[in-house]
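**Q** Quick one: structure below, then a few questions.
Quick note: the coordinates plus some simple rules give every number you see, no bench work behind them. Small disclaimer: the values here were computed from a predicted structure and weren't measured. Cβ placement follows ideal geometry from the backbone for every residue including glycine, while neighbour counts extend to all protein chains displayed.
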Amino acid sequence: MDEIVAEFIRRTILKIPVAEIGKILRIWNFLSESQLKTINLQQCKENVSQDVVELCKKKRASMKEAAILDIIYHQTCQIKKIWIVYKMTKAPGEEVDLSDMEEFKASFKKVLQRALKNVHISFRDSEDDAVWIRIAWGTPYMKPNQYKTTYVVYHSQTPFVFISHCQIKKYIPELWQALMTAGNYHKIRQMELRSLYLDSLKAIVFKQYNQDFQTYYLTPLEEENSEAEIVDPRIIHENMKEKERIQRVTRETFGDYVQPRIEFAQYKLETKFKTDCKNGILAEREEPFRCLVKFSSPHLLEALKSLAPAGIADAPLSPLLTCIPHKAMNYFTIREK
Amino acid sequence: MDSSNVPEFTPKHGVPPRLRDYFTGASPFQRQLASVRKQTPFGQTPSRRKIPQCSPLQENIDPQKIAFLLHKQWTLYTLTPMYGFSYTNLKQYSTLLKCFLAAEKQKGLAVEMGEDFNFKVTFSTLSGIKGTHRDPAAFLVQIVSKSQLSSKNTEDKVVWTGWFCSVHGDSLLENVPDDFTCLPLFLANGAESNTALIGTWFQKTFDCRFTRLTISAFSLSWMAAMWTSCNLEHYGTATELLWSVPCSPQSLDISYAINPEDAKALWDSVHQTPEEITQEEVDLFIDCLCSHFHRHFRINLSATRLVCVSTSVASAHTDGKIKILCSKYLIGVLAFLTELAIFQIE
């Protein structure tokens, strides 16, 4: 087994959290069960990875198998990479393509390898009818760099592609061409939607977020409290009507389900400056008041949902914010109508 | 203010200084000043301030000498007056501080110095960093790590920097007895552990006290207005305000960055009084920004917390961190910070 492959496997194992190593090796299914049993997972990670490399050497693992290990690592562990969503469109009049996933993979590989020398492509299917494509880029004079890889996730029969780019950006046109040819599409464009969480992007784009059955009812705990506290029925919550209206409007806008998880939204504002007060500030100015607003949060949509009930925002919240899942965008440019 | 003409007890300042006030500190030496802050009517912050201008003294500063003060993040502290500090003893202080740090390191305390014991401490004055001639001179302390290879070509690496200054502080402070030196603003850059150790040495040696300077949202909004009002030839960075929203269970940060020319245009439209900035103008400026935001997002920024302001002149964070980007307004920024420091000193 080549030293490069050995080093790559060693480094990949080092990246995997200890708790997941056993699971990932089993999914990989390259080493037999008896071989896996010989690995002591309690020792330090450097030794674990050395043991795995030794076993792989005995079985003569090649880069092909090592690449699959890398894909499984990316599929299983939450890797901090930004995923960007692209949408492909068919030429007008073209029919829905009925080609299957195997034809897609074969065609993609052929087109990309014809365009670029020294590119290493691996495929792995995932449970939700998608294929993960791992591409390691090289140059006409250098072998593919296995540490600079681009991942592409494609669901068959859908026009959406999720791409996690690496630093090498110059082969993007060839990548797009391969995707379009293999999928039988005419154009590809980048959507204004990106996030660290691939699952949330899928939920937004495939409109699956509102099928979650976790609903928020008025919890029994709240009712108990209200019974215990109210001694005199003449004492009421002063703004009860307004609070109920806000709760109702928020529920109508956001739904009862858990929101898909995105961590930021960015708005480029190019509207004119206007205020309610009659000071005439900047009244004669024709040029737009240029701003860039960025919202960030570990779970942005849940945070926005809590603003109106907390009194920080008006209800209903601005459609610029509530449209994020529906429009499948989190980068916006707002101009005067 | 010319001290020879003005009588000591001016009606404007109410409380006359009493000798016994100077000796009621809790320190064992009983030298700490109880209060140096001039008593303003009702203890309020001023409702109008001069627009930051280039200080005449700053013209004498060699821009190269103060370049290292710019583009660096400084953590801010307030400092009570130092007893027994003398500018003629700077070399002694270097030696004493170095011995202190070496001793602490030997005790096993975490001291970030680079190579063991191969460091030197320098005390030097910073000329020109003052508002008027009455402000005491600013001085700088640096810890420099010497390379172990001890070849003359390798550069010494500055590991920690701290400087003390007072810009226009004189007008806000009571007449301070001669044995005290008042440099209420302290800025540090480097490892927190070093700052703590060096602070301890100063506190023991000069019977003073450091406290972290926090910048309230109120002061940050003044900074936003003052720095947007500065005239610059070239606006490098956007005027950015960062708001932190207290919502649960997830935190939310809103960054609102305005094109610097548009921000200046808005300010010019709000600003009426020549040469001065008033509280009303600051409030109106911030209100305009908030209402433009509300028009689009229907979120009330005034219900959230302003935590950071960033402009082409400087950027400041509520935790007491500052980064000065423009040498032209260095003195103006320091003057405002000195004022905040003095108001925070008890």
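**Q** Convex hull over the Cα atoms of the stretch A:232-335, averaged projected area in nm²?
**A** Approximately 9.6 nm², given one-decimal rounding.
**Q** Using the alpha-carbon centroid of each, what span in Å lies between the stretch B:318-346 and the stretch A:157-177?
**A** Each part's Cα centre sits 48 Å from the other's.
**Q** To continue, here is another question. Taking the 0 to 90 degree range and rounding to the nearest ten, how far is the long axis of helix A:3-15 tilted relative to the main principal axis of chain A, both from C-alpha atoms?
**A** Value to nearest ten degrees: 30.
**Q** Report, by chain and number, residues whose modeled amide H sits under 5 Å from the one on residue B:252, excluding near sequence neighbours (fewer than 5 apart, same chain).
**A** B:245, B:247
**Q** Okay, moving on. Among A:147, B:77, which comes first, second and so on when ranked by fewest other beta-carbon atoms within 10 Å? Display every interim value, and only then the final one.
**A** Details: A:147 11, B:77 22.
Listed from fewest to most nearby Cβ atoms, that is A:147, B:77.
**Q** Same structure again: I want the local charge near residue B:319. Using Cβ-Cβ distances under 15 Å, sum +1 for each Lys or Arg and -1 for each Asp or Glu among the other residues. Please list the in-between numbers first.
**A** On the way: positive: B:212, B:305, B:321, B:323; negative: B:192, B:253.
After counting each charged neighbour, the total is +2.
**Q** Report relative contact order for chain A in percent, whole number only (criteria: Cα-Cα under 8 Å, sequence separation at least 6). Provide the component values of the computation, followed by the final result.
**A** Details: 447 pairs, mean separation 49.1, N = 337.
With pairs under 8 Å counted, the relative contact order is 15 percent.
**Q** Return the ratio Rg/(2.2 N^0.38 Å) for the stretch A:3-76, where Rg is computed over Cα atoms only.
**A** 0.96
**Q** List, in order, the whole-Hz ³J(HN,Hα) value for each residue of the stretch A:113-118 obtained from phi through the Karplus relation with A = 6.51, B = -1.76, C = 1.60 and θ = phi - 60°; use x for Gly and Pro.
**A** Once θ is set to phi - 60°, the couplings for the stretch A:113-118 become 6, 5, 7, 10, 7, 6 Hz.
**Q** Amide H of residue A:334: which non-local residues (sequence gap of 5 or more, or other chain) have their own amide H closer than 5 Å, using H built in the peptide plane?
**A** Those qualifying (amide H under 5 Å, at least 5 residues apart or on another chain) are A:268, A:269, A:270.
**Q** Could you derive backbone 3J(HN,Hα) for the stretch A:23-38 from the dihedral phi with the Karplus parameters 6.51, -1.76 and 1.60 (θ = phi - 60°), listing whole Hz in sequence and x where the residue is Gly or Pro?
**A** With the stated coefficients, the stretch A:23-38 comes to 4, 5, 5, 5, 4, 4, 6, 8, 8, 6, 4, 5, 5, 4, 5, 6 Hz.
**Q** I've got another one for you. Once phi is turned into ³J(HN,Hα) by the Karplus curve 6.51 cos²θ - 1.76 cosθ + 1.60 with θ = phi - 60°, what whole-Hz value does each residue of the stretch B:327-340 show in order, with x for glycine and proline?
**A** For the stretch B:327-340, the Karplus curve yields 6, 4, 10, 3, 5, x, 5, 5, 4, 5, 5, 4, 4, 4 Hz.
**Q** Provide Rg over Rh for chain A; use the alpha carbon set for both Rg and the Kirkwood Rh (inverse mean inverse pair distance).
**A** Numbers: Rg = 26.1 Å, Rh = 24.2 Å.
Taking Rh as the inverse mean 1/r over Cα pairs, Rg/Rh reads 1.08.
**Q** Which FRET efficiency, nearest 0.05, do residue B:323 and residue A:43 yield, Cβ-Cβ r, R0 56 Å?
**A** Details: r = 46 Å, r/R0 = 0.82.
Rounded to the nearest 0.05, the efficiency is 0.75.
**Q** Would you work out the relative contact order for the stretch A:116-167, in percent, from Cα pairs under 8 angstrom that are 6 or more residues apart?
**A** This gives 30 percent for the stretch A:116-167.
**Q** Dipole size in debye (nearest 20) for the stretch A:1-148 around its Cα centre, Lys and Arg Cβ +1, Asp and Glu Cβ -1?
**A** Numbers: 25 positive and 20 negative charges, 135 e Å.
Around 640 debye, computed over the stretch A:1-148.
**Q** Which far-off residues, 5 or more places away or on another chain, put their amide H under 5 Å from the one on residue A:273, with H placed in the peptide plane?
**A** A:289
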